[in-house]
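The values are calculated or read from the model by the stated rules, or taken from the named source; none is laboratory data. Keep in mind it's a predicted model, so treat the numbers as computed, not measured. Note that each Cβ is placed from the backbone with ideal geometry, even for glycine, and that neighbours are counted across all protein chains shown.
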Amino acid sequence: MVKTFLATLKLLRNHGAPSHILYFGEALGDNLLLTTIARGLHEQTGKKVWIKSDHPDLFKNNPDVGLILPFNALLSRFALALRSIKLVRPSYANYDEVLDKDSVPEKHIVLKLADCVGLKGEIKNKPKIVLTEAEVLAGIYAKDQLVIITSSVNGKIPMHNKEWLAERYQQLADRLSDQYTILQLGAADDYPLNNVTDLRGKTNLRESAAVLHNSRLLIAHVGFLMHLARAVDCPAVIIYGGREMPEQSGYAAYHNIYSAVACSPCWLRNLCHYDRKCMTAISVDTVYSVVNQQLQRPVGPLPVDSLFND
């Protein structure tokens with residue numbers, strides 16, 4: 001205990017006292033959302049936050065983050081209390097294991113995270129990842145590259161109810177491959193597509209961010225890559241289905257395809273009593289039409305939507 005106390009004081013002396021130390025867990029997307037909260041806290045308090053995470057590459061070079069520690073790093077709560085530093089694990093939903101369901105947030109999940117740290121007022125709904133020039137250049141594969149993600153069930157928290165049908169992604173890729181270079185990102189075990197450049201399991205977090213930074217469009221479902229794309233201003237078509245509403249977890253700059261079926265938004269993870277009709281109702285023609293519309297938009301930074309927390 002004394003050793004931890006002294007080690008914590010040494011960290012504070014060497015890195016300066018933050019207002020908050022934030023940590024989340026394993027989920028990549030939720031870790032990245034901490035950068036949105038970190039920016040708000042930095043602007044509000046003038047102090048950089050510390051992050052506890054086993055995904056330090058998400059926070060590297062971030063001007064709002066003063067120190068990145070391993071998720072299980074021991075810190076003295078007494079030493080932190082002496083400096084009025086808040087150690088917070090933000091959350092936006094509670095998971096019911098029996099029902100296989102997350103509690104339905106009554107407002108955007110970023111605002112729920114903001115509530116956990118007392119962050120009020122205007123919050124810019126945009127995560128941040130800071131790439132070097134060399135990293136950006138390494139993410140260029142073709143002049144007109146698109147990115148498709150087919151799955152996320154190999155992620156830390158699998159959720160089948162977020163996913164569109166893999167064979168429909170293939171049909172979409174077939175239609176687009178004559179005009180565009182399609183890059184498939186994701187885990188090595190994700191459903192493989194034909195007529196694409198296969199990058200499954202071949203890029204780390206920052207390399208994936210660089211690929212998205214240089215891409216005309218991301219076509220995917222709700223998940224980490226959606227948030228990562230927003231961090232680097234990559235436009236996107238997000239196939240939401242009906243598990244959750246874009247107003248609860250998404251970005252206004254994206255074209256979000258939502259199915260307002262009677263049972264939505266359910267916030268169920270894998271269990272579904274209706275054969276995932278919210279996803280099966282979304283046709284290849286619908287997505288293809290939306291993709292073509294988005295590809296006609298001017299290339300450049302996306303507008304940042306503001307959320308307001310009372």
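Quick one: would you say Leu12 is of a type in the set (A, V, I, L, M) and more than 15 Å from the chain's Cα centre (by Cα)?
yes
Every residue, every condition in (1) touching a residue at least 60 places away in the same chain (Cβ under 8 Å); (2) in a loop (DSSP other than H, G, I, E, B), yes or no:
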| position | (1), (2) |
| --- | --- |
| Ile182 | no, no |
| Asp189 | no, yes |
| Asn194 | no, yes |
| Gly201 | no, yes |
| Glu207 | yes, no |
| Leu228 | yes, no |
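When residues of region 1-24 are filtered for being loosely packed, with under 15 Cβ neighbours inside 10 Å, in contact (Cβ under 8 Å) with a residue 24 or more places away in the chain and either in a loop (DSSP other than H, G, I, E, B) or among the β-branched types (Val, Ile, Thr) (or both), how many remain?
Residues that pass the stated criteria total 2.
Taking Asp233 as meeting all but one of (1) surrounded by fewer than 23 Cβ atoms within 10 Å (Cβ to Cβ); (2) more than 14 Å from the chain's Cα centre (by Cα), write down the number of the exception.
For Asp233, the failing item is (2).
Buried (at least 19 other Cβ atoms within 10 Å of the Cβ), among the hydrophobic types (A, V, I, L, M, F, W, C), within 16 Å of the chain's Cα centre (by Cα) and at pLDDT 95 or above: is that true of Leu75 in this structure?
Details: buried (at least 19 other Cβ atoms within 10 Å of the Cβ): yes; among the hydrophobic types (A, V, I, L, M, F, W, C): yes; within 16 Å of the chain's Cα centre (by Cα): no; at pLDDT 95 or above: yes.
Judged against the criteria, Leu75 is not a match.
Give the residues of region 97-150 that are in a loop (DSSP other than H, G, I, E, B), surrounded by 15 or more Cβ atoms within 10 Å (Cβ to Cβ) and of a type in the set (A, V, I, L, M, F, W, C), sorted by residue number.
Answer for region 97-150, where residues must be in a loop (DSSP other than H, G, I, E, B), surrounded by 15 or more Cβ atoms within 10 Å (Cβ to Cβ) and of a type in the set (A, V, I, L, M, F, W, C): Leu119, Ile129, Val130, Leu131, Ile149.
I need every pair where a residue in region 157-178 that is assigned to a helix (DSSP H, G or I) has its Cβ under 9 Å from the Cβ of a residue that is among the aromatic types (Phe, Trp, Tyr) and at pLDDT below 95, sequence separation at least 6 or different chains.
That search, which allows pairs on different chains as well, returns Ala166/Tyr191; Glu167/Tyr191; Tyr169/Tyr191; Gln170/Tyr191.
Counting residues that are at positive phi, which helices (runs of 4 or more DSSP H) fully inside region 244-310 reach at least 3?
none
When you go through (1) in contact with a Ser or Thr (Cβ under 9 Å, 6 or more places away or on another chain); (2) on the phi > 0 side of the Ramachandran plot one by one for Asp233, which number turns out not to apply?
Asp233 satisfies all of (1) in contact with a Ser or Thr (Cβ under 9 Å, 6 or more places away or on another chain); (2) on the phi > 0 side of the Ramachandran plot except (1).
Does region 285-301 hold any residues that are modelled with pLDDT under 95 and surrounded by 12 or more Cβ atoms within 10 Å (Cβ to Cβ), and which are they?
Arg297, the sole residue that qualifies.
Which residues, counting only those in region 35-92, are of a type in the set (Val, Ile, Thr), in contact (Cβ under 8 Å) with a residue 24 or more places away in the chain and within 29 Å of Thr132 (Cα to Cα)?
Thr35, Thr36, Ile37, Thr45, Val49, Ile51, Val65
Let me confirm something: among Ser91, Ser84, which residue is under 27 Å from Ala229 (Cβ atoms) and either of a type in the set (Ser, Thr, Tyr) or crowded, with 16+ Cβ neighbours inside 10 Å (or both)? Reasoning before the result, please.
Values: Ser84 fails: under 27 Å from Ala229 (Cβ atoms).
Among Ser91, Ser84, only Ser91 is under 27 Å from Ala229 (Cβ atoms) and either of a type in the set (Ser, Thr, Tyr) or crowded, with 16+ Cβ neighbours inside 10 Å (or both).
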